[in-house]
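The values are calculated or read from the model by the stated rules, or taken from the named source; none is laboratory data. The structure displayed is predicted, hence computed values, not measured ones. Neighbour counts run over all protein chains shown; Cβ positions are idealised from the backbone, glycine included. SASA here: full protein model, heavy atoms, side chains in, ligands and nucleic acids out. Shrake-Rupley method; radii C 1.70, N 1.55, O 1.52, S 1.80 Å.
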Amino acid sequence: MRLVFLGPPGIGKGTQAKILCQRITIPHLSTGDMLRDVISTKSDLGKEARTYMDRGRLVPDDVILGMVEERLQQPDTHGGYLFDGFPRTLPQADGLNELLSQINQNLDTVVALEGEDEILSERLSNRRTCGSCGAITNLLNSPSREEGKCDQCSGELIQRDDDQPNVIRERLKVYKRQTEPLIAYYAERDQLIRINGVGTIEEVTARILENLPKEE
Ligand SMILES: [Zn+2]
């Protein structure tokens, strides 16, 4: 099964992607992990990606696509995979189509997790990250046992800059402008399933599994 996961910040896309990959045993290809991998190889592409990351810039579409192309040559992807965080823009989606047609593959399904802005803002603004180990908790649905302290390592829980209200509004805006057009793009190609992303982790996983095409 070859899947793409789309969803706004705060919807729990990464969490659901990980769970699904374990359930159906396919590799989880997140943009962050792929970037770390390609940089660690010190290839030309890795060096190029690094210069953007070091300057805090967005990595351009052609570098992302080059990285995806390399990743799809690894044998663990031959039985399927799930893209999380890619494609993020229409040019990336076009690039992916081209890439897949060159290697005679097709996406099976694009899963779009959806939720209202107010709910996403509320979730993100209640998110706390451990300053020591990076564990994430949420004051709403998974508060730490001791207020302000990480359950894993007792480190201090902080609110990342990314999760401050003004930054949240900006992140949601960027998603709408840059990534939401992909929903119409994949709907036109009959590859899209929309999933209500609001609920417990288990409820949302069950909805996704129910709606995935059955494998022959
Ligand atoms: Zn911690």
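Determine the percent antiparallel among the DSSP beta bridges restricted to the chain, to the nearest 5.
Working: 7 of 23 bridges.
Taking every DSSP beta bridge within the chain, about 30 percent pair in antiparallel fashion.
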With every protein chain kept in place and a 1.4 Å probe, segment 58-212 has an accessible area per residue in Å² of 55
Averaged over all viewing directions, the convex hull of the alpha carbons in segment 83-149 casts a projected area in nm² of 7.1
For segment 103-157 the mean separation of alpha carbon contacts under 8 Å (6+ apart) over residue count, i.e. relative contact order in percent, is 26
GluC sites (Glu not before Pro) in segment 125-176 lying in a DSSP loop, each with at most 14 other Cβ atoms within 10 Å of its Cβ, come to E146, E147
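Quick one: of K47/K214; K13/K214; K173/K214, which pairs are farther than 31 Å apart, Cα to Cα? Can you show the working numbers first?
On the way: K47/K214 41 Å; K13/K214 21 Å; K173/K214 35 Å.
From K47/K214; K13/K214; K173/K214, over 31 Å: K47/K214; K173/K214.
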Here Rg/Rh (Cα, Kirkwood) for the chain equals 0.96
Listed by chain and number, the residues whose amide H is under 5 Å from that of V110, excluding neighbours fewer than 5 places away on the same chain and using placed H, are V4, L192, I193
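If DNA, RNA and ligands are ignored and the probe is 1.4 Å, what is the ranking of S154, S121 by accessible area, most exposed first?
Working: S154 80, S121 35 Å².
Most to least solvent-accessible, the answer reads S154, S121.
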Highest mean packing first, using Cβ neighbours within 10 angstrom, the peptides 139-145, 90-96 sort as 90-96, 139-145
Under the Karplus relation with 6.51, -1.76 and 1.60 and θ = phi - 60°, whole-Hz ³J(HN,Hα) for segment 144-152, x at Gly and Pro, equal 6, 5, 10, 4, x, 10, 5, 5, 6
So the angle from the long Cα axis of helix 31-40 to the longest Cα principal axis of the chain, reported in degrees to the nearest 10, equals 70
Everything considered on the Cα gyration tensor (a ≥ b ≥ c; rounded for a/c under 1.5, else prolate if a/b is larger than b/c, else oblate), segment 1-119 must be described as oblate
Residue-ordered couplings for segment 65-76, obtained by feeding phi - 60° into the Karplus form 6.51 cos²θ - 1.76 cosθ + 1.60 and rounding to whole Hz (Gly and Pro as x), are 5, x, 5, 5, 4, 5, 5, 6, 8, 6, x, 5
Candidates L58, L113, L172; GNM for the chain (alpha-carbon contacts under 10 Å) flags as most fluctuating L58
Ranked by GNM mean-square fluctuation in the chain (Cα springs under 10 Å), the top entry among R88, R36, R194 is R36
Amide H contacts under 5 Å for L212, restricted to residues at least 5 apart in sequence or on another chain and with H modeled in the peptide plane, are none
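Placing unit charges on C-beta atoms (Lys and Arg positive, Asp and Glu negative, everything else neutral), compute the dipole magnitude of the chain about its Cα centre in debye, rounded to 20.
On the way: 27 positive and 35 negative charges, 83 e Å.
Roughly 400 debye for the chain.
Report the extension gain between D190 and R145 in nm, rounded to one decimal, defined as 0.36 nm multiplied by the number of residues separating them, less their alpha carbon distance. It would help to have the intermediate numbers written out before the result.
Working: separation 45, 0.36 × 45 = 16.20 nm, distance 4.52 nm.
Value of the extension gain: 11.7 nm.
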